Amino acid sequence: RTGLITYDPGFNNTGSCKSAITFMDGENGVLRYRGIPVEQLAEKSTFVETAYLLINGRLPEQKELTRFSVLLNDHSMVHEDMRTFFENFPRGAHPMGILSAMVNALRFFYPQLEGLSETEELDIIVTRLISKVRTMAAMSYKISLGHKVVYPKPDLCYCANFLNMMFDSPVKPYNLDPDFIRALNVLWILHGDHEQNCSTSAVRLVGSARVNLYASISAGISALWGRLHGGANQAVIRMMEEIHAAGGDVKPFVARARDKNDNFRLMGFGHSVYKTYDPRAKIIKKMADTVQAKLDKSDPLLDIARELEEVALKDPYFIDHNLYPNVDFYSGIVMRAMGIPTEMFTVMFAIGRLPGWIAQWKECFDSPRWKLSRPRQIYIGNNVRDYTPIEART
Ligand code: SDX
């Protein structure tokens, strides 16, 4: 173990913890990875470089970035026996359920990764995971269609390889569009980490019991699946499709979101930490215009999203509750433009969040003071009372 960490990264009994990875200011809409504003990374970095930054705490030198990219390429294939595993999932199985199961299963197909004794080995384990999760996501999509699996290519970068594995076909070669490759880099950079959100806290909590990295990440994937968390990007598109099908008028839906008797929430709006515009949403909204321009016809859902935002941000209920668009509000529009199927949206979120989960898990693993997390509670149940025999119960 590196023992680099001197502070206790474990959760205290109020559920908070110390971390040096991501800084968020919810009042002012600030997000920084290892001190670098996410806006600068989205403009100047790549997803692979940002993943290195999150995991290692600094930007890589050229030789380090080259080595990281070579390792990602070397470990981009998936064990052929895993295909049998994939092919036996029911066709309608949700990709997030498949991904969570497959990441957990990785440890059985690569037992040599079980050990976490050396930092060098941890680098290999981490790189394998980041590379294989991308391949497994594309593989599960192809298999779900009954199409031929496309293998990664050594001459393509991380994001280009993913798009090619998703959409290339022997009868219709995929045309790699530089704007889509850039958009995917930015999308995954923006999903990289987000301090102690639900799924990241799950990774740290499960990891604190000293389970291996794969099982901890599998727990994070399951938490992200929830429609209030990472599943929201899929729920946003479903909501926009419902508005489109109802004629496109957004006002009734904004009214429903205000109605306490209606369990309806405006998906993609509101945030537990941001009480202003999510800085990621600002960048993704701009990107939506770029990718839309590549399409032959504009996506009606983008017009609906823009009108929904305009109406909601003027609505007193949304103003009073500090409800603004979050990362999920426009991300689905961008992914639709790239041809990503809606059921894969949360998997896309998971691939982007993987470096953050690994960095957060590693922060604990690197600390000699890492101990089992054990949050406490405030008991509000019955006072002490005696057992009542069943015949005396009324
Ligand atoms: C992600 O934590 C992270 O960092 C997560 C994430 C990450 O990168 O990991 O950012 C990713 O999960 C983004 C959020 C995606 N989820 C959605 O878009 C689903 C819709 N949003 C809401 O469910 C809600 O905004 C939450 C869950 C995201 C946040 O809710 P809060 O602010 O923690 O607390 P709350 O649910 O109690 O809401 C407070 C009030 C309530 O009204 P009151 O009972 O006080 O009158 O705000 C209302 C809520 O009803 N409210 C909404 C609303 N979101 C909150 N009302 C209508 N529509 C909404 N979207």
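Before we move on, is VAL250 within 12 Å of the ligand (Cβ to nearest atom), at pLDDT 95 or above and surrounded by 16 or more Cβ atoms within 10 Å (Cβ to Cβ)? In short, no. Considering each residue of the stretch 196-204 in turn, at least one proves to be touching a residue at least 24 places away in the same chain (Cβ under 8 Å), open to solvent by 10 Å² or more (accessible area, probe 1.4 Å), outside any helix (DSSP H, G or I) and out of contact with any strand residue (DSSP E or B) (no Cβ under 8 Å at 6 or more places or on another chain).
Listed by first and then second residue, the pairs with beta-carbon distance under 7 Å, at least 6 apart or on different chains, first residue in the stretch 375-389 and over 30 Å from ALA209 (Cβ atoms) and in contact (Cβ under 8 Å) with a residue 60 or more places away in the chain, second open to solvent by less than 100 Å² (accessible area, probe 1.4 Å) and aliphatic (A, V, I, L, M), form an empty list.
Here the condition is being part of a helix (DSSP H, G or I), basic (Lys, Arg), in contact with a Ser or Thr (Cβ under 8 Å, 6 or more places away or on another chain) and touching a residue at least 40 places away in the same chain (Cβ under 8 Å); of ARG134, ARG128, ARG107, it holds for ARG134 alone. On the phi > 0 side of the Ramachandran plot and either open to solvent by 50 Å² or more (accessible area, probe 1.4 Å) or touching a residue at least 60 places away in the same chain (Cβ under 8 Å) (or both): does that describe GLY332? Answer is no for this residue.
Take the residues in the stretch 274-291 that are open to solvent by less than 20 Å² (accessible area, probe 1.4 Å) and either β-branched (Val, Ile, Thr) or without any contact (Cβ under 8 Å) to a residue 60 or more places away in the chain (or both); name whichever of them is farthest from the ligand (Cβ to nearest atom). So, considering only residues that are open to solvent by less than 20 Å² (accessible area, probe 1.4 Å) and either β-branched (Val, Ile, Thr) or without any contact (Cβ under 8 Å) to a residue 60 or more places away in the chain (or both), the one farthest from the ligand (Cβ to nearest atom) is VAL291. Put simply, of ILE237, ILE243, ILE181 the only residue that is among the hydrophobic types (A, V, I, L, M, F, W, C) and under 20 Å from LEU72 (Cβ atoms) is ILE181.
Give the stretch 67-90 a look and list any residue that's assigned to a helix (DSSP H, G or I), open to solvent by less than 70 Å² (accessible area, probe 1.4 Å) and of a type outside the set (Gly, Ala, Ser), or say none. Hits for the stretch 67-90 are PHE68, LEU71, LEU72, ASN73, MET82, ARG83, PHE86. Please determine whether any residue of the stretch 205-213 is under 20 Å from PRO341 (Cβ atoms) and not in a helix (DSSP H, G or I). No, every residue in the stretch 205-213 fails to be under 20 Å from PRO341 (Cβ atoms) and not in a helix (DSSP H, G or I).
Is one or more of the residues making up the stretch 294-301 part of a helix (DSSP H, G or I) and within 13 Å of the ligand (Cβ to nearest atom)? Within the stretch 294-301, not a single residue is part of a helix (DSSP H, G or I) and within 13 Å of the ligand (Cβ to nearest atom). Here is a check on your reading of the model: is SER216 closer than 18 Å to ARG374 by Cα, polar (S, T, N, Q), part of a helix (DSSP H, G or I) and away from the ligand (no atom under 11 Å from the Cβ)? Judged against the criteria, SER216 is a match.
Among the residues making up the stretch 221-238, those that are open to solvent by less than 10 Å² (accessible area, probe 1.4 Å) and more than 10 Å from the ligand (Cβ to nearest atom) are ILE221, ILE237.
The combined condition, being more than 30 Å from GLN40 (Cα to Cα), surrounded by 19 or more Cβ atoms within 10 Å (Cβ to Cβ) and not β-branched (Val, Ile, Thr), is fulfilled by TYR141. Taken over the stretch 11-56, the criterion of being within 28 Å of ASN161 (Cβ to Cβ), touching a residue at least 40 places away in the same chain (Cβ under 8 Å) and part of a loop (DSSP other than H, G, I, E, B) is satisfied by ILE21, SER45, THR46. For the stretch 364-393, a tally of residues being in a helix (DSSP H, G or I) and either of a type in the set (A, V, I, L, M, F, W, C) or open to solvent by less than 10 Å² (accessible area, probe 1.4 Å) (or both) returns 4.
The test for being surrounded by fewer than 16 Cβ atoms within 10 Å (Cβ to Cβ) and closer than 20 Å to GLY352 by Cβ holds for ASP179.
The values are calculated or read from the model by the stated rules, or taken from the named source; none is laboratory data. The structure presented is a predicted model; accordingly, all values stated were derived computationally and were not measured. FYI the Cβ positions are ideal-geometry reconstructions off the backbone, even for glycines, and counts take in every protein chain you see. What goes into the accessible areas is simple: the full protein's heavy atoms, side chains included, and nothing from ligands, DNA or RNA. Shrake-Rupley method; radii C 1.70, N 1.55, O 1.52, S 1.80 Å.
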